[in-house]
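Asker: To start, I am sharing the structure in question, which I have written as structure tokens.
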Amino acid sequence: MQFIKITLAKGKERSLIHRHPWVFSGAIAKKEQEPEEGAIVEVFSNTGEYLATGHYHSGSIAVRCFDFEHTRADRDFWIKKITAACALRFTNGVLDQATTNCFRLVHGEGDGLPGLIIDFYKGTAVLQAHTSGIYKVRDHIVAGLQAFFGDKLLAVYDKSSESLGKQQQGETQNGFLYKKNEDHPEGCVVEENSKRFYVSWTEGQKTGFFLDQRENRALLERYAAGRKVLNTFSYSGGFSIYALAGGAQLVHSVDSSAKAEAWALRNVKENDTTVPHSFFCQDTFDFFKSSQEQYDLIVLDPPAFAKRLSALKQACGGYQRLNEVAFRKIAPGGILFTFSCSQVIDRKLFRQLVFAAASTAGRKVRILHQLTQGPDHPINLYHPEGEYLKGLVLQVD
Ligand code: SAH
């Protein structure tokens, strides 16, 4: 198979030699011919050396490279890639399979598969393609999952209509790519560190659950005993369930989504507890304005305030305001778990925003932990943008 050849401008090969998987459109000097959206292309340096193979798209990231050696990128190639990603989760001991049956199986660039996310919920794999290039090879991806899991694969659900770019969204529909049994359900109860969560792949946000916070939720359990806990942007109650298990005095969950409320209440029931729990279906900023309670453990886990660089300034303001209201609200000696999942806000900038918020609120603050995503969301060392989740655990005096 001949792939279209793309030649870079002089000096633009450096990042690819360092295995950074993105080629920006401005780095391209010449295209043999105009590739179709999602076509496989080969990238060459200005002096004619082969550098990498990847998917071509219009937009500022023109090529997302999935290999740095000549490849035919055929069915076998994709099967090998998928099975290698699955093996990382299942064979190196990094995840405790005895207490957890939901993981991220494929994490985009972190697995050398830019544009692909696959989460696994007790036998059901939920796929989100972020590029049409990856979407085109979805049958090979399913074959890779079948090769790895065999009979244990119950279904593959495609949720790409929400993750693909606007142009392709209309052309795709969410639905099963594979079902072992005709009556495969739309959700199931999974276990994470022995806690039970209902996950709906059809109606849930993203693939259904925010698996990246697993380790951070477990850490919160250790801090919860005897504390009044406020979990904002709670979604289906992830951090709340761990706080209940950790023996909190009370737990309040806040999320503006009615579905999140229904799932959170269901999850509280799934995990026997005698600790009082209340859900507030409300905007977090409004909740902070109206609540009279003083909490001694607060979680701030908002959605990405900035998805693009252009929204950066506004997002910075959002993070700062949010952290400031939490610093004003939290009891002396309280613990704040604060997060940002915006890729364009790096660790240093996030810390500066939290610093500004603490200093405006006039609180004395110490950093106890610096957090990131779990090990099933690996970060390609050559692609630092993959480190999207940043968290701080703070002692607020
Ligand atoms: N911490 C969660 C994941 C949070 S995802 C977990 O561990 O599973 C972000 C959540 O914020 C979503 O559920 C979304 O519904 C909610 N949300 C977005 N904007 C909000 C707002 N202004 N006020 C309250 N909740 C909001």
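The values are calculated or read from the model by the stated rules, or taken from the named source; none is laboratory data. What you are looking at is a predicted structure, and each value in this text was computed from that prediction instead of being measured. Cβ atoms come from the backbone with ideal geometry, glycine included; neighbour counts cover every protein chain shown. All accessible areas refer to the heavy atoms of the entire protein, side chains included, with ligands and DNA or RNA removed. Shrake-Rupley method; radii C 1.70, N 1.55, O 1.52, S 1.80 Å.
Asker: Just one of 272, 301 is more than 14 Å from the ligand (Cβ to nearest atom) and under 23 Å from residue 193 (Cα atoms); which is it?
Answerer: Answer to the selection: 272.
Asker: Among the residues of the stretch 279-296, write down those that are more than 15 Å from the ligand (Cβ to nearest atom) and in contact with a His (Cβ under 9 Å, 6 or more places away or on another chain).
Answerer: 293, 295
Asker: When you look at residue 77, is it farther than 21 Å from residue 381 by Cβ and either open to solvent by less than 60 Å² (accessible area, probe 1.4 Å) or at pLDDT 95 or above (or both), yes or no?
Answerer: yes
Asker: Okay, moving on. Which residue out of 247, 237 is open to solvent by less than 30 Å² (accessible area, probe 1.4 Å) and of a type in the set (Gly, Ala, Ser)?
Answerer: It is 237.
Asker: Can you spot a residue in the stretch 224-240 that is outside the structural domain of residue 100 (by TED's automatic domain parsing), within 21 Å of residue 121 (Cβ to Cβ) and of a type in the set (A, V, I, L, M)?
Answerer: No, the stretch 224-240 contains no residue that is outside the structural domain of residue 100 (by TED's automatic domain parsing), within 21 Å of residue 121 (Cβ to Cβ) and of a type in the set (A, V, I, L, M).
Asker: Looking only at helices (runs of 4 or more DSSP H) that fall completely inside the stretch 255-355, which ones have 3 or more residues that are in contact (Cβ under 8 Å) with a residue 60 or more places away in the chain and either of a type in the set (Phe, Trp, Tyr) or open to solvent by 40 Å² or more (accessible area, probe 1.4 Å) (or both)?
Answerer: 258-270
Asker: For residues that are over 17 Å from residue 148 (Cα atoms) and open to solvent by less than 20 Å² (accessible area, probe 1.4 Å), scanning just the stretch 96-115, find the one that is farthest from the chain's Cα centre (by Cα).
Answerer: This residue is 100.
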